[in-house]
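Notes follow once the structure below has been shown.
The values are calculated or read from the model by the stated rules, or taken from the named source; none is laboratory data. In this text the structure is predicted, and so the values were computed from the model without any measurement. Virtual Cβ from ideal backbone geometry, glycine too; neighbours counted across all protein chains shown. The area values use the complete protein model at the heavy-atom level, side chains included, leaving out ligands, DNA and RNA. Shrake-Rupley method; radii C 1.70, N 1.55, O 1.52, S 1.80 Å.
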Amino acid sequence: MNKAVKQQILNKIKEYDKIFLFRHIRNDGDCVGASKGLKAILKLTYPEKEIYLIDSDTAEDLAFLGPEDAAVPEEMYKDALGIVVDTASEARISNKNYKLCKELIKIDHHIPLEQYGNLQWVEEERSSCCEMISVFYETFRDELKIDSEAATYLYTGMVTDSGRFKYSGTNGDTLRAAATLLDVGVDTDTLFARLYLE
């Protein structure tokens with residue numbers, strides 16, 4: 001599904017030496033998991049690229065997923081590609097420096113509230129943005145790399161946005177994407193303890 005736009009996104013990622021990832025205010029497991037998961041995949045695949053996730057709006061209950069990158073001078077954004085995940089409208093993007101990026105990509109699973117960015121990949125039938133990032137990896141798995149850390153980030157967002165796979169948006173595609181991540185390696189005992197027992 002949407003293979004053409006996914007290929008365009010991959011081509012843009014290859015084109016840029018510097019990439020910034022963005023997500024929404026009052027962040028949750030899906031936007032944190034999608035941004036961290038995509039960053040981890042891109043760093044593994046393209047270690048020579050500069051890839052940043054800078055966000056001062058963080059959720060305390062997700063602190064176990066680790067910190068974000070330190071702030072950088074604004075001029076660093078100007079020749080970079082920006083990728084916004086899990087955010088239907090520009091007003092909800094947390095780091096406002098997204099406006100400085102040379103080009104912007106939107107990856108989202110919400111009903112589109114507005115068009116923004118040079119490229120948009122929106123699949124509102126998906127249970128989470130993390131499911132979309134997992135599918136992006138699967139589509140180009142001959143080129144992209146993933147490890148257990150990236151898989152854990154993505155699985156976290158899938159679990160939280162689907163209500164532990166109980167919400168109506170969960171379907172066979174959701175579970176197949178989750179299975180791919182589990183095959184890579186996710187310590188589900190530790191993850192669920194951190195999400196629900198602390």
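So here's what we get for this one:
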| read-out | value |
| --- | --- |
| The range 96-158: trypsin sites (Lys or Arg not before Pro) falling in loop per DSSP and having at most 12 other Cβ within 10 Å | ARG141 |
| Carbon + sulfur, % of accessible area of the chain - ligands and nucleic acids excluded, 1.4 Å | 47 |
| Kirkwood Rh (inverse of mean 1/r, distinct Cα pairs), the range 55-109, angstrom | 12.6 |
| Histogram of C-alpha separations across the range 34-155, 10 Å bin width, % | 12, 43, 40, 5 |
| Calculated [θ] (222 nm, deg cm²/dmol) that DSSP helices of n ≥ 4 give over the chain, each run adding -39,500 (n - 2.57) | -11500 deg cm²/dmol |
| Förster-model FRET efficiency, 41 Å R0, ARG176 and ALA91, C-beta, rounded to 0.05 | 0.75 |
| Lys/Arg +1, Asp/Glu -1 at C-beta; the range 86-127 dipole; positive extreme among GLY117, ALA88, SER127 | GLY117 |
| Relative contact order (percent, whole number), the chain, Cα cutoff 8 Å, 6+ residue spacing | 24 |
| Accessible area in square angstrom per residue, the chain, 1.4 angstrom probe | 46 |
| Unit charges on C-beta of K, R, D, E only; dipole of the chain, Debye | 360 |
| Extension reserve of the LEU119-THR139 stretch, reckoned as 0.36 nm per residue once the Cα distance is removed | 5.4 nm |
| In sequence order, calculated HN-Hα J values of the range 32-47 (Karplus, 6.51, -1.76, 1.60; Hz; x Gly/Pro) | 5, x, 5, 5, 5, x, 5, 4, 4, 4, 5, 5, 5, 7, 10, x |
| Residue pairs, from the table LYS3/LYS166; LYS96/LYS145; LYS14/LYS96; LYS3/LYS78; LYS6/LYS36, whose Cα atoms sit over 22 Å apart | LYS3/LYS166; LYS96/LYS145; LYS14/LYS96; LYS3/LYS78 |
